[in-house]
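Structure, as structure tokens:
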Amino acid sequence: MLIATAGNGSSADSAPSPSLPGPASTAPSAVPAPRSGEAARHWWRDAVIYQVYVRSFLDTTGDGIGDLAGVRTGLPYLKKLGVDGIWLSPFYPSPQHDHGYDVADYRDVDPVYGDLAEFDRLVADAHRLGLKVLLDIVPNHCSSEHPWFRAALKDGPGSPARSLFHFADGRGPDGELPPNNWRAMFGGPAWSRVEEDGAAAGQWYLHMFTPEQPDLNWRNPAVAADFEDVLRFWLDRGVDGFRIDVAAGLFKHPELPDSPDPAADERTRDSVNPLAWNQPEVHGVWREWRALCEEYTARDGRDRLLVGEVSVRTPAEQAAYVRPDELHQAFFFHLLTARWDVATFRRVISEALTDIADTGSTVTWVLNNHDQVRTVTRYATDPGHTTEGLGSGLGPARARAAALLMLALPGAAYVYQGEELGLPEVVDLPDEALTDPIFHRTGSREHIRDGCRVPLPWSGLASPFGFTSGTDAARPWLPQPDWFAEHATDRALADTRSFWHLYREGLHLRRSLPQLGEGTLRWLDSPPQVLAFVRGDGLVCAVNFGTEPVAAPAPGIPLLASGDCPAGILPGSTAAWWMHAPDAR
Ligand code: NOJ
């Protein structure tokens, strides 16, 4: 076996390895030819997918809102970055109460984003470039403007239209109290009362997010039948799979009983109601959807992918969703929510590798998405979530190190737009600019999601930074700060030490080195603040979570580092990859 494990500082005895500059520093001699058998593999098992938040990617119409034509324009940029495909946030017709996660028509494109012909061009161009296309499907709830819900309101209590949702009479003498004590994920009660025609007391309907997102009743077979048709509609247009919103939702406890542990008050968000999430019946839906994907694969040999947003408490609970006949992938959010702390990272990675990989699936790593504070800002304020680290350079350094760590782990990964630019969170958006329903429904207590959705900077020194163009161009839908100039893609591409080049090098190495992607991981002994492991027969990845330099564990031929690494040293807040070579020791 070629790797000697390094105990506390023991690698200092090794012969010095060449020093390891930051990004764009691959040692060509260590890079073998592309992996063999590429075509025979299931592409999704170690794919890296780029999440496009369409609204904030690139605007070609000058209305200040990104669109599908903008995504199409950006495809060569994404190809150059080296990702395997894209996931498009919802672009369906929607009143946009939750930026498209309130769908009024599952089989069309909102005119704000384009039309079906533009969508078809986007898929064709992506495929021509070898990029997969995933859509975001929202089966837990629809929009209150969906024709089904409009009919439910019109047709009244007891109607077939109402049975597509969770309508119930209220409690109290006049039905003035909601049917149970559940609270919504976005704050406030999970029930809203409707007005009936005539004098009848109004019924209530369930919405686990906003009142404009009524939950569908998956115990009604018509719901499943319609979603099958929706999936076929998009599969027939050539998509490669779906990201499934709220994949642990769909079924509620059949009796809709009171929650034993409801959120503390009206404005607190309730994210752990065990009667509304993770009900056993949901697995039957994923088995059906998987079978549908296999049906398409049997026709043309192309794998289709289902990736679930599965928010459950433990990795073991999550594992049930990626059994061989269910979802292909489920985002491993325990990494995303891990604080910048070596023990926490080691624990969640170990849990993922045992619990998830035991199912035969691969782990789906993720550090950022459109619902979370961006890593550059999040890690700056760890530990203890103080603001001390902001502006110290710690946030960017740790975010770069985390990126190299994620790309070295066995399995698949998702990169959220702007992550490759090292975009920090915009933490000081004025209240009047905030659009996130969570902000409004928690009585302005929480503003966590607008700051990571600010439109991307592409070029130039002032807003709109090339995001939107035209002489009458409207302002971007969320204001961009002046300092976005430092992160614009034109600057990132020109600077070999940028986040962009780090991601690009990491992605390209990942594709060409057989040790990366799917495969084995073996932990190495290392100093207490260091996480170090070997991939395959000799790729070493080490991350120094501390702030002081340490001797590099098991160095070899340097491949890539998230910051400058003098020979044989791993500085604080830095990650590095080496290829073990016996003659380097
Ligand atoms: C999860 C999505 O990521 C989030 O953006 C959305 O608001 C909720 N699901 C409700 O659909």
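Tabulated data
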| quantity | calculated |
| --- | --- |
| Residue list for the stretch 475-485, filter: assigned to a helix (DSSP H, G or I) and surrounded by 15 or more Cβ atoms within 10 Å (Cβ to Cβ) | Phe484, Ala485 |
| Index of the failed condition, Trp340 passing every other in (1) of a type in the set (Phe, Trp, Tyr); (2) open to solvent by 10 Å² or more (accessible area, probe 1.4 Å); (3) touching a strand residue (DSSP E or B) at 6+ places or on another chain (Cβ under 9 Å) | (3) |
| Number of the exception - Lys154 against (1) out of contact with any helix residue (DSSP H, G or I) (no Cβ under 9 Å at 6 or more places or on another chain); (2) surrounded by 15 or more Cβ atoms within 10 Å (Cβ to Cβ); (3) modelled with pLDDT of 95 or more | (2) |
| Within the stretch 533-553, tally of residues that are in a strand (DSSP E or B) and either modelled with pLDDT under 95 or open to solvent by 10 Å² or more (accessible area, probe 1.4 Å) (or both) | 2 |
| Number of the exception - Pro324 against (1) open to solvent by less than 10 Å² (accessible area, probe 1.4 Å); (2) within 30 Å of Arg237 (Cβ to Cβ); (3) not in a strand (DSSP E or B) | (1) |
| Residue check, Asp226 open to solvent by 20 Å² or more (accessible area, probe 1.4 Å), at pLDDT 95 or above and not in a strand (DSSP E or B) | yes |
| Leu559 being under 28 Å from the mean Cα position of the chain (by Cα), closer than 18 Å to Leu509 by Cβ and open to solvent by less than 20 Å² (accessible area, probe 1.4 Å) | yes |
| Total residues in the stretch 84-102, condition within 14 Å of the ligand (Cβ to nearest atom) and assigned to a loop (DSSP other than H, G, I, E, B) | 13 |
| Pairs, first farther than 14 Å from Pro211 by Cβ in the stretch 432-446, second within 16 Å of the ligand (Cβ to nearest atom) and open to solvent by less than 40 Å² (accessible area, probe 1.4 Å), C-beta under 7 Å, six or more apart | Ala433/Leu478; Leu434/Asp450; Thr435/Asp450; Asp436/Arg449; Asp436/Asp450; Thr442/Gly187; Glu446/Ile438; Glu446/Phe439 |
| Every pair of residues 6+ apart whose Cβ atoms lie under 9 Å, when the first sits in the stretch 394-419 and is of a type in the set (Ser, Thr, Tyr) while the second is modelled with pLDDT of 95 or more and part of a helix (DSSP H, G or I) | Tyr416/Cys452 |
| Pick from the stretch 119-138, criterion over 15 Å from Ser94 (Cβ atoms) and in contact with a strand residue (DSSP E or B) (Cβ under 8 Å, 6 or more places away or on another chain), ranking: farthest from the ligand (Cβ to nearest atom) | His127 |
| The one condition in (1) at pLDDT 50 or above; (2) within 30 Å of Asp136 (Cα to Cα); (3) surrounded by fewer than 18 Cβ atoms within 10 Å (Cβ to Cβ) that Ser19 fails to fulfil | (2) |
| Residue that is farthest from the ligand (Cβ to nearest atom) [pool: residues in the stretch 345-375 that are in contact with a Lys or Arg (Cβ under 8 Å, 6 or more places away or on another chain) and under 17 Å from Ser311 (Cβ atoms)] | Asn368 |
| Of residues in the stretch 376-410 being hydrophobic (A, V, I, L, M, F, W, C), farther than 15 Å from Leu336 by Cα and modelled with pLDDT of 95 or more, the one nearest to the ligand (Cβ to nearest atom) | Ala408 |
| Residue within the stretch 231-247 that is at pLDDT below 95, touching a helix residue (DSSP H, G or I) at 6+ places or on another chain (Cβ under 9 Å), part of a loop (DSSP other than H, G, I, E, B) and within 23 Å of Pro315 (Cα to Cα) present | no |
| Test result for Leu570, at pLDDT 95 or above, in contact with a Phe, Trp or Tyr (Cβ under 8 Å, 6 or more places away or on another chain) and open to solvent by less than 10 Å² (accessible area, probe 1.4 Å) | no |
| Test: Pro173 is open to solvent by 20 Å² or more (accessible area, probe 1.4 Å) and of a type outside the set (Val, Ile, Thr) | yes |
| Subset of the stretch 414-428 (residues that are on the phi > 0 side of the Ramachandran plot and within 16 Å of the ligand (Cβ to nearest atom)) | Gly418 |
| The lone exception for Asp105 - which of (1) assigned to a helix (DSSP H, G or I); (2) open to solvent by 40 Å² or more (accessible area, probe 1.4 Å) it fails | (1) |
| Unmet requirement for His283, which otherwise passes all of (1) part of a loop (DSSP other than H, G, I, E, B); (2) at pLDDT 95 or above | (1) |
| Candidate set: the stretch 197-221, residues that are under 19 Å from Gln279 (Cα atoms) and more than 16 Å from the ligand (Cβ to nearest atom); chosen: the one surrounded by the fewest Cβ atoms within 10 Å (Cβ to Cβ) | Pro221 |
| Answer residue from the stretch 139-151, given it is open to solvent by less than 10 Å² (accessible area, probe 1.4 Å) and among the polar types (S, T, N, Q) and is farthest from the ligand (Cβ to nearest atom) among those | Ser143 |
| Odd one out for Asp490, checked against (1) outside any loop (DSSP other than H, G, I, E, B); (2) in contact with a helix residue (DSSP H, G or I) (Cβ under 8 Å, 6 or more places away or on another chain) | (2) |
| Hits in the stretch 324-350 (condition: more than 24 Å from Arg522 (Cβ to Cβ) and in contact (Cβ under 8 Å) with a residue 40 or more places away in the chain) | Glu326, Leu327, His328, Ala330, Phe331, Arg339 |
| Every residue from the stretch 429-474 that is within 19 Å of Ala488 (Cβ to Cβ) and either open to solvent by 50 Å² or more (accessible area, probe 1.4 Å) or within 16 Å of the ligand (Cβ to nearest atom) (or both) | Gly451, Cys452, Arg453, Val454, Leu461, Ala462, Ser463, Ser469, Gly470 |
| Residue under evaluation Thr314, criteria (1) under 26 Å from Gly241 (Cα atoms); (2) out of contact with any Asp or Glu (no Cβ under 9 Å at 6 or more places or on another chain), criterion not met | (2) |
| The one condition in (1) of a type in the set (A, V, I, L, M); (2) touching a residue at least 40 places away in the same chain (Cβ under 8 Å); (3) surrounded by fewer than 24 Cβ atoms within 10 Å (Cβ to Cβ); (4) more than 16 Å from Arg400 (Cα to Cα) that Leu507 fails to fulfil | (4) |
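The values are calculated or read from the model by the stated rules, or taken from the named source; none is laboratory data. Everything quoted here is computed from the prediction, not taken from an experiment. Quick reminder, even Gly has a Cβ in these numbers, built from the backbone with ideal geometry, and neighbours come from all protein chains shown. Please note that ligands, DNA and RNA were not included when accessible areas were found on the heavy atoms of the full protein model with its side chains. Shrake-Rupley method; radii C 1.70, N 1.55, O 1.52, S 1.80 Å.
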